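A short write-up of the structure that comes next.
The values are calculated or read from the model by the stated rules, or taken from the named source; none is laboratory data. The model shown is predicted, which means the values in this text are computed figures rather than measured ones. Note that we place each Cβ from the backbone using ideal geometry, even for glycine, and neighbour counts take in every protein chain shown.
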Amino acid sequence: MPHITLDYSANLEPDIDIAGLCNHLRQAAISTGALPMAGIRVRAFAATHVSIADGDPKHGYIDISVRLRAGRDLATRQAATKTIFDAARDFLAPVMQRRSLALSFEMRDIDPAVSPKCGTIRDHLTKDAPND
């Protein structure tokens with residue numbers, strides 16, 4: 001873990017490289033030092049039907065959700081939140097200057113007692129694998 005999920009309005013796709021944003025957030029998460037690289041997953045889902053603010057279809061949104069196993073103290077989570085949110089805001093700054101866009105972020109813990117995990121990604125990582 002963590003799992004980073006982007007829920008966004010599909011009307012943003014002509015203006016934002018969503019795959020690039022996902023990769024940018026993955027790199028930011030790694031850079032925190034608090035989130036294990038092998039556990040990071042970033043995915044994005046477009047909402048094709050939205051109604052925002054006054055209903056004008058020009059408005060768009062990106063909601064970033066980070067779920068991670070419990071156990072990190074508040075200061076660590078706050079620092080990681082700041083790093084990842086700032087990376088998103090920096091990536092999106094040019095678009096936010098041109099169009100209506102709401103950006104939100106939430107980090108929440110997952111109780112490991114009721115969230116079993118297994119996988120082999122760590123077995124297949126190369127020691128010199130690039131982070132980008």
**Asked** Of all the residues that make up the stretch 58-87, how many are touching a helix residue (DSSP H, G or I) at 6+ places or on another chain (Cβ under 7 Å) and modelled with pLDDT under 95?
**Response** 2
**Request:** Could you please tell me which pairs satisfy a Cβ distance under 7 Å, a separation of 6+ or placement on different chains, a first residue in the stretch 18-40 that is farther than 19 Å from D63 by Cβ, and a second residue that is among the charged types (D, E, K, R) and surrounded by fewer than 16 Cβ atoms within 10 Å (Cβ to Cβ)?
**Result:** Q27/D132; A38/R122
